[in-house]
1. Is segment 277-400 best put as rounded, prolate or oblate by its Cα gyration tensor, with a ≥ b ≥ c the root eigenvalues, rounded for a/c under 1.5, and otherwise prolate when a/b is larger than b/c, oblate when not?
2. Using helices alone, what [θ] at 222 nm do you get for the chain, with -39,500 (n - 2.57) per DSSP H run of 4 or more residues, divided over all residues and rounded to the nearest 500?
3. How high is the FRET efficiency from residue 512 to residue 65, r the C-beta distance, R0 51 Å, rounded to 0.05?
4. In what sequence, highest mean first, do 424-437, 207-220 appear when ranked by Cβ atoms within 10 angstrom?
5. Residue 140 versus residue 677, label points 7 Å from Cα toward the beta carbon: distance in nm?
6. How much length would be gained if the chain were fully extended between residue 19 and residue 337, taking 0.36 nm per residue of separation minus their Cα-Cα distance, in nm to one decimal?
7. Pulled fully out, how much extra length does the chain show between residue 328 and residue 528, if you take 0.36 nm times their separation in residues and subtract their Cα-Cα distance?
8. How far is helix 10-29 tilted, in degrees, relative to the longest principal axis of the Cα atoms in the chain, given as a value from 0 to 90 rounded to the nearest 10?
């Protein structure tokens, strides 16, 4: 099978097929951003109460309305000139394209220091992208602050505009940042001015192809894609794809030192490294696919997006990359070209020396390492994954946050984001009384009736993104549910339902991913003990990474908390991707064990894979760290935690902890497979990885 992609003639066929795929996929990939859905309502499942209310609201007037709240503020008190300006602005705002319905205001604050005007903005079928232009037009009408009069813009429209501005150019920013990171690491790893180009080209083709497939699924099959999942796709394809490329190129270079024919060398490299690469990709893809069971649409949509990216990346790295490598020849490795008969440098490298040190007292090494990781996990006590407020969503303070603060200084904090209650008109009086009597509700507007339904809008006392506001929503729901099945929605209710869906997804998906990865490891390694040990090390690594991240977020970056989806995303990425490196290591250890026993196999496996796995870890950590280039707290937190966790896994957990455990457990690591019956070879001369004349095929 390996010969099909690197044969003397078939390599050109493989290249031609990928050229055709790229020609078809390119135009489609460019349309992906046009089908993204970035509003909160699109993230919620149809069963969520806030979603049902949003659907019913369309019966009371135009749906998809995002109000902008203009706040005119003067510390010494609003003047007659200020009121005249605000009144004149209302007439001009009514003419702004994108403004729908009646502009309401200006309404004076009780303290006499502010006015507010409510501007309803229509969100059309193109989504939230055009809201930035409408908000800019609104700002142009109100003008800039002058003569002591401050003008702020708050409300859902202002928040959406700031979010859209933060996401603007996300694809380009992430792509170029990721490219720069991967290029630098590959140049350092290969020390070749040319070789790094082939993994980059292959990953770029894979990303374009994956984006095209995902666009078609989003356009015609209802797949939910947002800027977050599209951004993670870029990072994942380049990060994981380059990892697979590093493993394959390292094995190819080994074989070039033993074979004159590069086609034969590549066929053997694919045959021997292919199972580990495929198993790693399958683990990640299946782990990511578990996300499709999530209640939250944004999370369930990320599952197939990430899985497709991994599968396409795998296909490119085991077909396009090998074809390109054999087409170009050995000169790619210049200035250090691997020639037949030259020594294998990993036999006496830094990882071989590290293995020798660990082998002296493996039990002490793994116990001390585990204790240190456990201590790092104590930082979990600082983790506050209860959701991010509007002010905490950005790494800097956008204009909408300042607007919300100004609004809260002079008006009820929830003025711009009302609670929406819809129920049967026959129970209208009871619904209104129940809402008005609920602690945390400032006022209730007059009812709007449509047939047998009635709608009330209520104002919250507290900020709409606060814990107090969430508690008020729960009280309102408890109060109105008995009256004809009345339901409660609005932006605060949506946030509450998103948080509850995330909590459900955490409880369901985290154990499921662990079980899936455990089963895959059992099938791959044909053992029971080794998969359990590896899962335990990855979970400990995850806990340590999360603990350190929580401390850094709180005491270094000053973040106000973590998004409710943060633990799940970090867990899935670290467990699914972190297990990759254990697969790379343990499949090589298993391969060597059949000749030398487990203890020598562990040392040879570490020596052979240490360099390439570390390089792969640096690439993956660097690509996820690129997420921090975006001005969004959730991205920065995921990027830091995954990058730190990957480095911790590759430099400490895989190289030290797993190796020490393997040396300590010895052949019982493979129980109940027949490898437990292979005695350890005497520890005398170092064994060269992949020495000529040895059978390197995996045992059954």
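Coordinate-derived values only; no laboratory data. This is a predicted model, so every value here is computed, not measured. Using ideal geometry, Cβ is built from the backbone for each residue, glycine included, and neighbour counts are taken over all protein chains shown.
1. Numbers: a/c = 2.25, a/b = 1.31, b/c = 1.71.
It comes out oblate by the Cα gyration axes.
2. On the way: 23 runs with 410 residues, N = 700.
Rounded to the nearest 500, it is -20000 deg cm²/dmol.
3. On the way: r = 39 Å, r/R0 = 0.76.
With a Förster radius of 51 Å, E is 0.85.
4. Numbers: 424-437: 17.2, 207-220: 21.5.
Averaged packing, sorted descending, gives the order 207-220, 424-437.
5. Going by the 7 Å Cα→Cβ label model, 8.2 nm.
6. Values: separation 318, 0.36 × 318 = 114.48 nm, distance 2.83 nm.
Once the chain is fully extended between residue 19 and residue 337, it gains 111.6 nm.
7. Numbers: separation 200, 0.36 × 200 = 72.00 nm, distance 4.29 nm.
Using 0.36 nm per residue and subtracting the Cα-Cα distance, I get 67.7 nm.
8. Value to nearest ten degrees: 10.
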